[in-house]
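Here is the structure we will look at.
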Amino acid sequence: MKVGIITFPGSNCDYDLYKCVETATGNPEFLWHRDVHLGDVDAIMLPGGFSYGDYLRAGAIATMSPIMKSVKEFAVSGGPVLGICNGFQILCEAGLLPGVLLRNRSLLFASHDVLLRVENNKTIFTSEYDAGQILRMPIAHAEGNYYASDDILEKLEKEDRVLLRYADIHGEANTSANPNGSAFNIAGIINQEGNVMGMMPHPERAVEEILGSVDGLGIFAALLAHLEPMSNT
Amino acid sequence: MTLWHLEIRVVPRPGLLDPEGKAIQHALHSLDYEGIQNVRVGKLLYLDIEAPSEEEARKQGEDMCHHILANPVMEDFDIEAHRVIEEQKKL
């Protein structure tokens, strides 16, 4: 399964993602933001970082990159797309996911481990987890405060499209477990069609024991398991 | 064609949490400016654009805001247009 990882000017988690897809026994391939075609990839990943220096708004200018037209077409045709951190911000700015990531409530860059509660494990990205499972992963962002209008938030909740929520060790999604002020402690969401996911925490930085957690591997294992039968046909 | 100078103001939507504005408000309070409230922080963009009329220059500015300069989920914008006169062009 070929996974295309897009490098924008300012991306800094692209190599982590590459390594992580390899660890999960996928076949990673770098794509450059100026590329126009995605080639024969089975999935697309948008890495974390600071594309275009976060100028204007985090993720905003990356949406104008030549490759994003193909990413949109790929997403609309049902191709799996995962955006992590800055990748999530880009997906929101590109209109592939609803809402926006505002400045953290604290105004500080938050860089530490968080606990996440798996809200919906019936997706191609979360099927390796149990519903309610608590995961440990790091966050590293200044704009991770998920915000959307009340009707969008209501829709996300009603349609089980919040996949991950910041929670405490007991699985309570309370204010003290919320690192950035996100509405309803939202850490990761999926689109209506179920093929585009965005999340602020970094699963690719939680894939080896030496990193302190292997809880992130499940996301990649789930996606590759989903793609496996497709590539055999 | 006439050269128009656009001032595009992009500000967080009313009611939206603006932590930067809040922090600045606290700073102003600590300087004893006690009557201060509702501090909001936005962006001001200047650009010059050639267009046949002010209306057209504004329209293009609005298009730019809809496409990239503002995110309607969190921001509002307004545009001021001024004709750039010859002396200013030379500066």
Scan region B:61-79 and tell me whether some residue there is on the phi > 0 side of the Ramachandran plot and either modelled with pLDDT of 95 or more or surrounded by fewer than 15 Cβ atoms within 10 Å (Cβ to Cβ) (or both). no
Scan region A:197-208 and give yes if some residue there is crowded, with 21+ Cβ neighbours inside 10 Å and farther than 21 Å from A:I90 by Cα, otherwise no. yes
Give the residue that is farthest from A:H202 (Cα to Cα), with candidates limited to residues of region A:99-113 that are more than 8 Å from chain B (Cβ to nearest Cβ) and either out of contact with any strand residue (DSSP E or B) (no Cβ under 9 Å at 6 or more places or on another chain) or part of a loop (DSSP other than H, G, I, E, B) (or both). A:L108
Mind listing whichever residues of region A:139-151 are more than 14 Å from chain B (Cβ to nearest Cβ) and either among the aromatic types (F, W, Y) or over 16 Å from A:G198 (Cα atoms) (or both)? none
For the list (1) closer than 21 Å to A:G181 by Cβ; (2) within 12 Å of chain A (Cβ to nearest Cβ); (3) in contact with a strand residue (DSSP E or B) (Cβ under 6 Å, 6 or more places away or on another chain), I need the number of the one condition that B:L16 fails. (3)
So, of the residues in region B:24-45 that are within 12 Å of chain A (Cβ to nearest Cβ) and surrounded by 14 or more Cβ atoms within 10 Å (Cβ to Cβ), which turns out to be farthest from B:F77 (Cα to Cα)? B:I24
Just wondering, is there one or more residues in region A:119-138 that are under 13 Å from A:M200 (Cα atoms) and either within 11 Å of chain B (Cβ to nearest Cβ) or not basic (K, R) (or both)? yes
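The values are calculated or read from the model by the stated rules, or taken from the named source; none is laboratory data. Just so we're clear, the structure is a prediction, and the values are computed from it rather than from any experiment. As a convention, Cβ positions derive from the backbone with ideal geometry for all residues, glycine included, and neighbour counts pool all protein chains shown.
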